[in-house]
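Below you'll find the structure, written out as structure tokens, and then a few comments.
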Amino acid sequence: MGGAPLSWVAGDGDGGLVNMLLEHGDIDPDTPDNQYGRTPLSWAAGNGYKGIAKMLLEPNIAAHPPPLATGNGGEGLADVLLERGNIDTCTNTSYN
């Protein structure tokens with residue numbers, strides 16, 4: 001997952017480390033990883049980690065839902081993302 005530590009731990013489902021990194025203060029939670037260009041929210045949602053997706057959404061970090069939110073068993077994440085109310089559901093992103 002490139003060099004973004006938050007992307008790595010969010011994609012691995014490690015909520016404790018995600019929380020620690022978010023509390024650190026100098027980590028930009030919208031920074032994509034270096035290898036795939038995916039954000040921590042995209043990794044968490046794509047891997048079905050609903051709790052981590054909620055953590056990343058708490059401080060209004062991400063404005064767009066990741067396209068993988070309903071993949072890999074993460075169907076329930078679409079509801080979490082839509083609860084925010086300011087989600088752009090027309091955003092289309094392709095991962096090659």
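The values are calculated or read from the model by the stated rules, or taken from the named source; none is laboratory data. Everything numeric in this text was worked out from a predicted model, so none of it was measured. Glycine gets a Cβ as well: all are built from the backbone with ideal geometry, and neighbour counts include every protein chain shown.
General remarks:
- Restricted to the stretch 20-46, and to residues there that are touching a helix residue (DSSP H, G or I) at 6+ places or on another chain (Cβ under 7 Å) and among the charged types (D, E, K, R), the residue that is nearest to residue 57 (Cα to Cα) is 38.
- Pair list, Cβ < 7 Å and 6+ apart or interchain, from the stretch 18-41 residues that are of a type outside the set (Asp, Glu) and surrounded by fewer than 20 Cβ atoms within 10 Å (Cβ to Cβ) to residues that are modelled with pLDDT of 85 or more and part of a loop (DSSP other than H, G, I, E, B): 32/38; 32/39
- Residue 86 being at pLDDT below 70 and either surrounded by fewer than 20 Cβ atoms within 10 Å (Cβ to Cβ) or not in a loop (DSSP other than H, G, I, E, B) (or both): yes
- Checking each residue in the stretch 1-36 for being small (Gly, Ala, Ser) and on the phi < 0 side of the Ramachandran plot picks out 3, 4, 7, 10, 11, 15, 16.
- Of all the residues in the stretch 2-17, those that are surrounded by fewer than 22 Cβ atoms within 10 Å (Cβ to Cβ), touching a helix residue (DSSP H, G or I) at 6+ places or on another chain (Cβ under 7 Å) and not in a loop (DSSP other than H, G, I, E, B) number 3.
- Output for the stretch 10-63, where each listed residue is of a type in the set (Ser, Thr, Tyr) and under 17 Å from residue 83 (Cβ atoms): 49
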